[in-house]
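Trainee: Shown below is the structure under consideration.
The values are calculated or read from the model by the stated rules, or taken from the named source; none is laboratory data. What you are looking at is a predicted structure, and each value in this text was computed from that prediction instead of being measured. Quick reminder, even Gly has a Cβ in these numbers, built from the backbone with ideal geometry, and neighbours come from all protein chains shown.
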Amino acid sequence: MTNLLLKPAGSRARRQRFVYFAAGAALLIAAGVAVVAVMREPSRLPTTAQPVAALTVTEATARRASWPMTVEASGAIAPWQEASIGTQIGGYQLIDVRVNVGDRVRKGQVLARLDPALLKAEEAQLRASYDQAEANRQRALSLQASGGVSDQDVLQYVTQARTAAAALAAKRLQLRYTSVVAPDDGVISARTATLGAVAPAGQEFFRAAILDHLCRTQ
């Protein structure tokens with residue numbers, strides 16, 4: 001009788017263990033299936049959109065450069081402006097001619113020279129006259145205070161000294177004009193100067209094409 005009561009209890013325990021085992025196995029199978037499904041499913045992480053550049057900037061170093069430009073034209077090149085070069089004093093011999101047609105000249109360059117010998121002699125005479133007039137002026141001024149010379153005589157001596165000074169300055173200016181110089185940069189386009197000739201005042205010796213004033217003619 002005792003064996004009959006114990007047998008059902010053992011059978012019931014075995015059934016419970018079987019149920020627990022089956023439930024555990026089912027859980028393991030379900031977990032495995034879930035892991036496989038997750039591994040096979042593609043990643044659903046949100047992707048951030050790459051920013052699109054609105055403006056492309058290139059950095060460069062500034063430098064100086066020449067931009068060549070060629071202009072093609074046909075025709076003869078002629079001076080738009082010519083300079084007439086001559087003498088401002090007359091009656092003196094031309095003793096030196098230093099340029100010819102086609103020569104380039106610079107502003108202030110000596111192109112020809114007149115004989116200054118006569119002018120230098122005249123300058124010496126005028127210098128002596130000025131020295132005498134200046135001495136008379138100073139003597140008259142020194143005597144004016146004591147009444148030895150009248151005011152009218154003093155004025156006359158002062159005027160003579162000033163006149164002599166002006167004549168000497170004019171002669172020295174004429175000496176400067178014995179050198180005929182170029183008024184500007186250019187090219188000698190014509191020459192009428194003749195060595196040894198005695199030219200009147202205002203006679204043209206040369207013509208020069210000014211380099212900054214050239215133009216094209218048809």
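Trainee: If you check 159, 163, 194, 178, which single one turns out to be of a type outside the set (Lys, Arg) and within 41 Å of the chain's Cα centre (by Cα)?
Mentor: Numbers: 159 fails: within 41 Å of the chain's Cα centre (by Cα); 163 fails: within 41 Å of the chain's Cα centre (by Cα); 194 fails: within 41 Å of the chain's Cα centre (by Cα).
On inspection, the qualifying residue turns out to be 178.
Trainee: Pick from region 134-155 the residues that are hydrophobic (A, V, I, L, M, F, W, C) and assigned to a helix (DSSP H, G or I): which of them is nearest to residue 94 (Cα to Cα)?
Mentor: 135
Let's see how each residue does on (1) touching a residue at least 60 places away in the same chain (Cβ under 8 Å); (2) of a type in the set (A, V, I, L, M, F, W, C); (3) under 25 Å from residue 197 (Cβ atoms):
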residue	(1), (2), (3)
68	no, no, no
71	no, yes, no
75	yes, no, no
84	yes, no, yes
93	yes, no, yes
98	no, no, yes
102	yes, no, yes
117	no, yes, yes
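Trainee: Still on this structure, please answer the following. Might you check whether a residue that is among the aliphatic types (A, V, I, L, M), buried (at least 17 other Cβ atoms within 10 Å of the Cβ) and within 26 Å of residue 120 (Cα to Cα) occurs anywhere in region 138-151? So that I can check it myself, show each step before the final result.
Mentor: To start, the set of residues in region 138-151 that are among the aliphatic types (A, V, I, L, M) comprises 140-141, 143, 145, 149.
Adding the requirement that they be buried (at least 17 other Cβ atoms within 10 Å of the Cβ) leaves 140, 149.
Checking the rest, the ones that are also within 26 Å of residue 120 (Cα to Cα) come to none.
Taking every residue of region 138-151 in turn, none turns out to be among the aliphatic types (A, V, I, L, M), buried (at least 17 other Cβ atoms within 10 Å of the Cβ) and within 26 Å of residue 120 (Cα to Cα).
Trainee: Considering only region 114-163, state which residues are within 30 Å of residue 202 (Cβ to Cβ) and either of a type in the set (Asp, Glu) or touching a strand residue (DSSP E or B) at 6+ places or on another chain (Cβ under 6 Å) (or both). Please lay out each step first, then the result.
Mentor: To start, the set of residues in region 114-163 that are within 30 Å of residue 202 (Cβ to Cβ) comprises 114-127, 129-130, 162-163.
Answer for region 114-163, where residues must be within 30 Å of residue 202 (Cβ to Cβ) and either of a type in the set (Asp, Glu) or touching a strand residue (DSSP E or B) at 6+ places or on another chain (Cβ under 6 Å) (or both): 114, 115, 122, 123.
Trainee: While we're looking at this one, here's another question. For a quick check of your reading: which strands (runs of 3 or more DSSP E) sit entirely within region 59-133 and have at least 1 residues that are modelled with pLDDT under 95? Give the steps one after another, and end with the answer.
Mentor: On the way: elements: 76-79, 82-86, 92-97, 110-114.
Filter on region 59-133 gives 76-79, 82-86, 92-97.
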